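Pasting a structure here, questions to come.
The values are calculated or read from the model by the stated rules, or taken from the named source; none is laboratory data. Keep in mind that what you see is a predicted model, and the values were worked out from it rather than measured. Cβ atoms come from the backbone with ideal geometry, glycine included; neighbour counts cover every protein chain shown.
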Amino acid sequence: MPSSRATRGVLLGTVIGLALAGLFIVWSDKYTHIKYQSGPLASSGQLLWYGDRDITSLKPSTENEKDEFGREKLETQQTTGETRIDDPGHNADHPVSTNDLYKAYGHVHTIVFFIGYPRSRHSLLGSLMDAHPRMVVSDERMAFNAWRRRSSSFIDSSIYKFYDIMFQASEKSVSSGRRSRTFEGNVTNKASRYGYMVPNQWQGRFDQYIEVIGDKAGAFTASAMLNDDAIDAVRLLEKTAAAKVKFIHVVRNPFDNIATMVLQHGKIKQREGSHEVKLQQNLPRTDEMKRVIRASTGINGIEAPEILDDKIDAYFKWAKGSNKAREALPGSVLDIPSIEIVLHPAEVLRKICKFLGILCTEKYLQDCADTVDPTPSITRDYVKWTTKQKERVNTEMKRFTFLQGFSFDKTV
């Protein structure tokens, strides 16, 4: 039999081991809490509730199945569009803490940025994507440029601080921004400001966890892409976040896109007033049709040659930045025809979800489609173009494959 001294030694060693293990657990928990604790949500101690289920009860990983970053994949399944409540002990009144928000960030596998041009239906598409239960897309937070300029600070603290920028902006858009109101009236006789709320879906919040997070600031991203360090910034973000970085590139007929930019210019709106000009796609663009529409809107062709020249310059600068991303990051940029967003929104969203590697339900697609007015905006006729300006746009378009097929005389 072992001596009492030996027995005491074994017991003492066991006690010391347990004490050290407990100390390690406490220290690890504290470290994790500090890592998660970023942004005003955490500092305020506010408790938040996202969805119909406590996200701490996450779905288990599929055994032995890992993604390209060595991370276990989550079990996924197609659903009917209704939220599943699998937990027998679930209490729908129990709020999810801020720490659980950052646990949700741990499932992000794709970061998405819009790239391109203002007045190309980015706001509409971004709001529809943000309605996905496991996708967060902020509105004009200039997140890519923030990463490019401040990546070292995010790396030194936590990638979750970068995610905070986008999540908090998404929340704000729903509480007080463009996603806080629905669109009233119709696009040919607009009775209110545009609203981008999608009822019955998940704008500004998420269900269980987040798989895709990003920002809708296309022009800022395209401009940032022209910097020498832009592509390196993309690759550094992928490495830091262990996630894919992808881009949504919405392409509208350049003549309409540029004309709308002119119509929305501050000096033009002050001089001419704010006009919303829409034309059904299937209506012929005859001189008589133009005359009727111009008479009904009070627009007889705005003369703004200098502003128009400036907008042509800006448009093709953004096209250059977008093209740089397409060439340097093959397979990471998805071109979306702008007209398809209003004509076939469900098909566009289904394509985007496949590109981003995320499931979507028919209910989500239908709820989004129900908020979209299918009337395209054809604005090129409401700005006076010189022959030289038209020729310049046509010449510039030839430099970019994604602009082939557009012209002033084609409806879209």
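Residues are listed down the side, and each one gets a yes or a no for (1) over 27 Å from Ala319 (Cα atoms); (2) modelled with pLDDT under 90; (3) within 19 Å of the chain's Cα centre (by Cα):
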position: Arg181; (1), (2), (3): yes, yes, yes
position: Thr188; (1), (2), (3): yes, yes, no
position: Tyr194; (1), (2), (3): no, yes, yes
position: Val198; (1), (2), (3): yes, no, yes
position: Ile210; (1), (2), (3): yes, no, yes
position: Ala219; (1), (2), (3): no, no, yes
position: Ala241; (1), (2), (3): yes, no, yes
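Name the single residue, out of those in segment 102-128 being surrounded by fewer than 24 Cβ atoms within 10 Å (Cβ to Cβ) and of a type in the set (A, V, I, L, M, F, W, C), that is farthest from Gln201 (Cα to Cα).
Restricting to residues being surrounded by fewer than 24 Cβ atoms within 10 Å (Cβ to Cβ) and of a type in the set (A, V, I, L, M, F, W, C), the top hit is Val108.
Could you list, ordered by first residue, the pairs with Cβ atoms under 9 Å in which the first is in segment 323-352 and closer than 15 Å to Phe114 by Cα and modelled with pLDDT under 95 and the second is among the aromatic types (Phe, Trp, Tyr) and crowded, with 21+ Cβ neighbours inside 10 Å, at least 6 apart or interchain?
Hits for this filter: zero, empty list.
Return yes or no: is Cys368 in a helix (DSSP H, G or I), within 25 Å of Trp202 (Cα to Cα) and touching a helix residue (DSSP H, G or I) at 6+ places or on another chain (Cβ under 7 Å)?
Considered against the rule, which asks whether it is in a helix (DSSP H, G or I), within 25 Å of Trp202 (Cα to Cα) and touching a helix residue (DSSP H, G or I) at 6+ places or on another chain (Cβ under 7 Å), Cys368 comes out as yes.
Matching residues to (1) of a type in the set (Gly, Ala, Ser); (2) assigned to a loop (DSSP other than H, G, I, E, B):
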position	(1), (2)
Asp313	no, no
Val342	no, no
Glu347	no, no
Ile378	no, yes
Glu396	no, no
Ser407	yes, yes
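For segment 132-168, enumerate the residues that are within 20 Å of His107 (Cβ to Cβ), in a helix (DSSP H, G or I) and either touching a strand residue (DSSP E or B) at 6+ places or on another chain (Cβ under 7 Å) or hydroxyl-bearing (Ser, Thr, Tyr) (or both).
Answer for segment 132-168, where residues must be within 20 Å of His107 (Cβ to Cβ), in a helix (DSSP H, G or I) and either touching a strand residue (DSSP E or B) at 6+ places or on another chain (Cβ under 7 Å) or hydroxyl-bearing (Ser, Thr, Tyr) (or both): Ala143, Tyr160, Tyr163, Met166, Phe167.
Which numbered condition in (1) among the hydrophobic types (A, V, I, L, M, F, W, C); (2) without any contact (Cβ under 8 Å) to a residue 24 or more places away in the chain; (3) within 19 Å of Glu306 (Cα to Cα) is the only one that Val383 fails?
Result: Val383 passes all but (2).
Which one of Thr371, Thr375, Thr411 is over 26 Å from the mean Cα position of the chain (by Cα) and either surrounded by 16 or more Cβ atoms within 10 Å (Cβ to Cβ) or not hydrophobic (A, V, I, L, M, F, W, C) (or both)?
Details: Thr371 fails: over 26 Å from the mean Cα position of the chain (by Cα); Thr375 fails: over 26 Å from the mean Cα position of the chain (by Cα).
Result of the check over Thr371, Thr375, Thr411: Thr411.
Looking at the structure I just gave you, is Lys244 more than 30 Å from Lys354 (Cα to Cα), surrounded by fewer than 22 Cβ atoms within 10 Å (Cβ to Cβ) and touching a residue at least 24 places away in the same chain (Cβ under 8 Å)? I'd like the intermediate steps shown before the answer.
Working: more than 30 Å from Lys354 (Cα to Cα): no; surrounded by fewer than 22 Cβ atoms within 10 Å (Cβ to Cβ): yes; touching a residue at least 24 places away in the same chain (Cβ under 8 Å): yes.
No; evaluated as a whole, the condition is false for this residue.
Determine which member of the set Asp87, Asp100 is part of a helix (DSSP H, G or I), of a type in the set (D, E, K, R), modelled with pLDDT under 95 and over 17 Å from the mean Cα position of the chain (by Cα).
Asp100
Can you list residue pairs whose Cβ atoms sit under 6 Å apart, with the first residue in segment 113-131 being assigned to a loop (DSSP other than H, G, I, E, B) and the second being of a type in the set (Lys, Arg) and crowded, with 24+ Cβ neighbours inside 10 Å? Count only pairs 6 or more apart in sequence or on different chains.
Ser120/Arg252
Listed here are the residues, each with its yes/no results for (1) surrounded by 16 or more Cβ atoms within 10 Å (Cβ to Cβ); (2) over 18 Å from Met197 (Cα atoms).
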{"position": "Leu329", "(1), (2)": "yes, yes"}
{"position": "Val333", "(1), (2)": "yes, yes"}
{"position": "Ile336", "(1), (2)": "yes, yes"}
{"position": "Val342", "(1), (2)": "yes, no"}
{"position": "Glu347", "(1), (2)": "no, yes"}
{"position": "Arg350", "(1), (2)": "no, yes"}
{"position": "Cys353", "(1), (2)": "yes, yes"}
{"position": "Leu359", "(1), (2)": "no, yes"}
{"position": "Leu365", "(1), (2)": "yes, no"}
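With respect to the numbered conditions (1) part of a loop (DSSP other than H, G, I, E, B); (2) in contact with a Ser or Thr (Cβ under 7 Å, 6 or more places away or on another chain), which one is the sole condition not fulfilled by Cys360?
Unmet for Cys360, out of (1) part of a loop (DSSP other than H, G, I, E, B); (2) in contact with a Ser or Thr (Cβ under 7 Å, 6 or more places away or on another chain): (2).
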